[in-house]
């Protein structure tokens with residue numbers, strides 16, 4: 001059933017390569033292959049949640065963990081002047097992979113509105 005796995009599940013299972021910045025039992029943080037900022041990391045739960053809009057209430061602890069990991073990775077990468085955290089939801093929200101993930105963007109000044 002490997003064909004039913006998302007891209008991120010295949011990376012977590014080491015079926016395809018990823019440039020890992022962090023990993024624990026619950027999530028991984030990898031460098032985006034199409035970075036939109038000098039630093040662009042994806043923080044991805046290993047549990048396959050399709051999108052934030054479909055996360056169950058019991059996923060709250062995991063979602064909090066993802067944000068804390070994003071902050072830890074930002075500190076590790078010395079994004080001292082700030083960074084942006086983005087979660088896309090659905091096609092109109094810019095979702096490209098149907099597996100919840102957090103974009104950690106930094107290394108340059110961000111503009112508003114984001115797009």
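The values are calculated or read from the model by the stated rules, or taken from the named source; none is laboratory data. Just so it is clear, the model here is predicted, and its values are computed rather than measured. All Cβ positions, even for glycine, are placed from backbone atoms using ideal geometry, and neighbour counts span all protein chains on display.
Side notes on the structure shown:
- All conditions in (1) at positive phi; (2) touching a residue at least 40 places away in the same chain (Cβ under 8 Å) hold for residue 94, with the sole exception of (2).
- Residue match in the range 80-87 (condition: under 19 Å from residue 6 (Cβ atoms), surrounded by 12 or more Cβ atoms within 10 Å (Cβ to Cβ), in contact with a strand residue (DSSP E or B) (Cβ under 8 Å, 6 or more places away or on another chain) and in contact (Cβ under 8 Å) with a residue 12 or more places away in the chain): yes
- Comparison of 100, 67 shows that the only residue that is surrounded by 12 or more Cβ atoms within 10 Å (Cβ to Cβ), part of a loop (DSSP other than H, G, I, E, B) and touching a strand residue (DSSP E or B) at 6+ places or on another chain (Cβ under 8 Å) is 100.
A quick yes/no check of all residues on (1) modelled with pLDDT of 95 or more; (2) farther than 27 Å from residue 110 by Cβ:
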site: 17; (1), (2): yes, yes
site: 27; (1), (2): yes, no
site: 68; (1), (2): yes, no
site: 82; (1), (2): yes, no
site: 90; (1), (2): no, no
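- Any chance residue 109 is more than 16 Å from the chain's Cα centre (by Cα) and at positive phi: no
- Enumeration of residues in the range 1-52 that are outside any loop (DSSP other than H, G, I, E, B), without any contact (Cβ under 8 Å) to a residue 40 or more places away in the chain and buried (at least 16 other Cβ atoms within 10 Å of the Cβ): 11, 12, 28, 30
- Of all residues in the range 49-62, those that are touching a strand residue (DSSP E or B) at 6+ places or on another chain (Cβ under 8 Å) and within 14 Å of residue 86 (Cα to Cα) total 0.
- Within the range 55-64, being surrounded by 12 or more Cβ atoms within 10 Å (Cβ to Cβ) and at pLDDT 95 or above holds for 62, 63.
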